[in-house]
1. For LEU85 and MET183, FRET efficiency with R0 = 30 Å and r from the beta-carbon atoms, rounded to 0.05?
2. Can you give the FRET efficiency to the nearest 0.05 for MET147 and ALA202, using r as the Cβ-Cβ distance and R₀ = 30 Å?
3. What GluC sites (Glu not before Pro) in the stretch 137-176 are in a loop by DSSP, with at most 16 other Cβ atoms within 10 Å of the Cβ?
4. At what distance in nm do the modelled label points of PHE265 and PHE220 sit from each other, each positioned 7 Å from its Cα along Cα→Cβ?
5. Rolling a 1.4 angstrom probe over the protein heavy atoms, how many square angstrom per residue are accessible across the stretch 179-238?
6. Between PHE98 and PHE60, what length in nm is gained on full extension when 0.36 nm per residue of separation is reduced by their alpha carbon distance?
7. Can you classify the stretch 95-227 as rounded, prolate or oblate using the Cα gyration tensor, where a ≥ b ≥ c are the square roots of its eigenvalues, rounded means a/c under 1.5, and otherwise it's prolate if a/b beats b/c and oblate if not?
8. By how many nm would the segment from ARG166 to GLU190 grow when fully extended, if each residue of separation counts as 0.36 nm and the alpha-carbon distance is taken off?
Amino acid sequence: MLIFAKYLFLALLFILCFVCMYALLKALIRQRRSRYRLHYVKQSAFAYQLTVYLGKKSRFYRHVQEMMESVEAKWSMQFMLMSTLALFLAGLLVGALFFQTFKGVLIVTVIGAALPYLMLRMKLLSVRLQTRLEFLPAVEVFYQYYMIDPNKNLKLALKFCLEENRILYPIRPVFEQLYRNLMTQRDTEESLRIFSLTLGHAWADYFTGIVRVALTEGSFVGESLKELIIDMRKAQRSDQIERNRLLEIRVANFTPILFLGLFLFINFKINASNAYLYYVLDPAGRNMLLDALLLIFVSFLMGIYLSLRRM
């Protein structure tokens with residue numbers, strides 16, 4: 001009787017998750033196909049009202065939104081929320097059907113729900129690695145144009161840098177984004193916060209502080225920029241060492257996945273029936289796989305944390 005109730009519960013859970021995921025996918029497809037033609041229709045939508053509410057009340061929501069904007073993500077915040085919910089339900093279903101323990105349900109659900117945010121964070125770290133060594137040449141070019149400008153206008157200096165292609169890739173899109181935000185009458189503090197979040201190192205914070213003073217107080221910041229450039233030139237070698245350490249951390253993040261895949265491949269290649277019996281049917285084998293997934297997830301979190309500390 002207990003076994004029958006257990007399988008009945010799993011069947012009902014599967015049906016519930018399937019219905020929810022089907023509804024989410026249907027909503028995503030409808031959203032992709034339909035386009036709001038009138039402004040009041042867009043504002044009356046429930047999803048739009050929800051995003052506006054979360055944007056005002058939730059700091060984590062604003063943090064994720066700014067992170068998506070900093071990496072110029074091609075998907076919307078609504079898609080981010082729906083994909084997180086879909087992966088949460090998928091993790092709940094996989095944990096209940098495969099592992100059939102509270103520990104398995106909890107771990108797989110947490111991993112599934114956190115996966116979109118982790119991927120977004122990894123993309124942000126990739127952008128920071130690509131732009132780390134290019135920040136000093138970009139600031140030097142900007143300083144030259146700022147000193148040449150007779151009015152010492154920071155926005156005009158940034159405009160001429162970009163128009164004459166003096167700031168090159170991969171850091172050019174970051175300065176283009178800063179210029180767009182400043183010229184579209186967006187909040188200055190928010191624009192500078194997104195710029196600093198994209199680059200993610202102490203030199204970017206110092207540069208942001210200098211730009212903030214120039215924009216809000218209208219002060220001349222040529223000497224401050226010159227001192228910043230001198231300090232960055234002195235620390236250029238240590239920056240290269242830190243960048244190499246960040247690359248080592250990123251490589252170390254993916255080694256547990258490779259070793260787990262290689263380990264399972266060898267076992268299934270040698271004796272597929274015994275491997276299936278142990279890793280799929282036996283609770284001890286499933287628990288070992290669950291512990292491996294937990295360790296890989298923790299290693300990703302530690303890698304992201306160490307990367308942020310190194311920045």
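1. On the way: r = 36 Å, r/R0 = 1.21.
After rounding to 0.05, the efficiency reads 0.25.
2. Details: r = 24 Å, r/R0 = 0.79.
That gives a FRET efficiency of 0.80.
3. Answer by residue number: GLU164.
4. About 6.4 nm separates the two model spin labels.
5. Numbers: 3280 Å² over 60 residues.
Spelled out: the 1.4 Å probe surface of the stretch 179-238, per residue, equals 55 Å².
6. Working: separation 38, 0.36 × 38 = 13.68 nm, distance 3.19 nm.
Full-extension gain reported as 10.5 nm.
7. On the way: a/c = 3.31, a/b = 2.79, b/c = 1.18.
Cα axes put the stretch 95-227 in the prolate bin.
8. Numbers: separation 24, 0.36 × 24 = 8.64 nm, distance 2.55 nm.
Full extension from ARG166 to GLU190 adds 6.1 nm.
The values are calculated or read from the model by the stated rules, or taken from the named source; none is laboratory data. Computed from a predicted model, the values in this text were never measured in an experiment. Neighbour counts are summed over all protein chains in view; Cβ atoms, including those assigned to glycine, are modelled from backbone coordinates with ideal geometry. Accessible surface is based on the protein model in full, side chains and every heavy atom, while ligands, DNA and RNA are left aside. Shrake-Rupley method; radii C 1.70, N 1.55, O 1.52, S 1.80 Å.
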